[in-house]
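Any read-out appearing in this document is the output of simple, stated calculations on the displayed coordinates, not a laboratory observation. Treat the numbers as computed from the prediction; the structure is a model and nothing was measured. Positions of Cβ are generated from backbone atoms using ideal geometry, with glycine treated the same way; all protein chains shown enter the neighbour counts.
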Amino acid sequence: MTAQTASAAVAGTWLLGDMRVNRIGFGAMRLTGSAPFHRGTPSDRDRVLGVLRQAVALGVNHIDTAAFYFSQLRSANELINSALSPYPDDLVIATKVGPGRDASGGWSAPARPDELRGQVEENLRQLGRDHLDLVNLRVMDGQDSIAEHFGALAELRGAGLIRHLGVSGIRPHHLAEARAIAPVVCVQNRYGIDAREDEELLVRDCGAQGIAVVPFFSVAGDGRATGATGSESQEILAVARAHGASPAQVRLAWTLQRGAHLLVIPGTGDPDHLAENVAAGALRLTEQEMAHLSGGRATLSP
C-alpha cells in the first residue's frame with residue numbers, strides 16, 4: 001500500500017446532515033500526549049500541529065474533539081485552532097459535551113442540562129468559532145433518560161450555536177428518545193471487529209435509519225482508551241500479511257466495509273501512523289476475508 005499518496009477521499013463520503021465528509025476522519029483525543037488526558041508524556045507541540053495540517057492535506061475533513069480532551073500542557077481544541085484556523089470551508093469539527101473535568105484534570109460530576117450551554121461556549125471559545133458544526137451528547141454510565149440534556153442542546157441548535165446533533169455512548173432507547181426531540185445525524189459508540197451482539201444490533205439499526213455511526217476504539221479494540229494492546233488474532237494477522245498491511249489498517253478497512261454509514265476517526269500524534277490510517281481507506285478486503293473476520297455476520301450497508 002502507498003500510504004504517502006493515499007487520500008481520505010478514497011473511502012467515499014457520507015452526509016452528516018447537510019455536511020459531506022470523507023469517511024476517514026481524525027480523532028483528537030491522543031493529540032495531548034502519549035496517553036489520554038493527564039496520563040503519559042506531553043505531546044510535542046510542533047509535531048502535533050504538523051500532524052493536523054498533514055491530515056487536512058491528506059483529505060481529512062472531519063475532526064472529532066472535545067473541550068475535555070486536555071492534559072497538563074496540551075488542549076486538543078487549542079491545538080486544532082492553532083494548526084488549522086482560519087478553517088477550510090469544508091472542514092467539519094465535531095465535539096462532545098456532558099462529562100465534567102476540573103482544572104487539575106480530575107473528573108467531576110457530569111454537566112446538568114442547564115450547564116451544557118457553558119460547555120458549548122467553552123468549545124466555541126477554544127476553537128475560535130461562532131457556531132459548532134456538530135455536538136455529540138456523551139451519555140454517562142447509568143444515565144437512563146437523556147431527554148432533558150438533549151433537549152437543552154436542541155435549544156442551542158435552535159439558537160444557532162450548533163448546526164447538527166449526535167449522541168455518544170448510548171443504548172438503543174436513548175436514540176429513540178433523542179430523535180423524538182431533534183434530528184440525530186450520528187451515533188458515536190464502541191464498534192469494531194470484536195463487537196458484541198448488542199453493539200452490532202445498534203449499528204444495524206442506525207444503518208436502517210440513515211444515521212452515521214462513528215465508532216471509537218475501532219483500532220484499539222479491547223485496549224480502549226489506553227490504545228491498541230499489540231496482541232492481535234491470527235485471523236487479523238493473516239489478512240494483514242496477505243495485503244502487506246498493518247493490523248490497524250485491517251481493522252479500519254473492515255469497519256469501513258461493514259456498511260456505507262460507518263465512518264472512522266483514528267487518532268494519532270505520529271505522522272507515519274496518520275498516513276497509514278488514511279491509506280486504510282484504499283485497502284479492499286475480499287468477501288471471504290470480510291466474512292471470516294466478521295464471524296459470519298451479514299453486511300450492514302443500508
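General observations
- The simple spin-label model puts a point 7 Å past each Cα toward its Cβ; for residue 173 and residue 122 those points are separated by 3.0 nm.
- Relative contact order (%) - criterion: Cα under 8 Å, at least six apart; region: the chain: 20 percent
- Spin-label model distance (nm) - residue 9 vs residue 72, 7 Å beyond Cα toward Cβ: 4.4 nm
- Charge-dipole axis of the stretch 10-294 as Lys and Arg at +1 and Asp and Glu at -1 on Cβ define it, positive-most pick from 33, 185, 175: 33
- Ignoring the sites themselves, the chain has its longest run without trypsin sites (Lys or Arg not before Pro) in a DSSP loop having at most 16 other Cβ atoms within 10 Å at 40-195.
- Taking amide H as placed 1.01 Å from N in the peptide plane, the amide H of residue 218 sits under 5 Å from that of 191, each at least 5 places away or on another chain.
- Modelled spin-label separation between residue 143 and residue 102, with each label point placed 7 Å from Cα along the Cα-to-Cβ direction: 2.1 nm.
- FRET efficiency for the pair residue 241 and residue 41, taken as 1/(1 + (r/R0)^6) with r the Cβ-Cβ distance and R0 = 30 Å, rounds to 0.40.
- Here the dipole of the chain is about 260 debye; that uses its Cα centre as origin and unit charges on the Cβ of Lys and Arg (positive) and Asp and Glu (negative).
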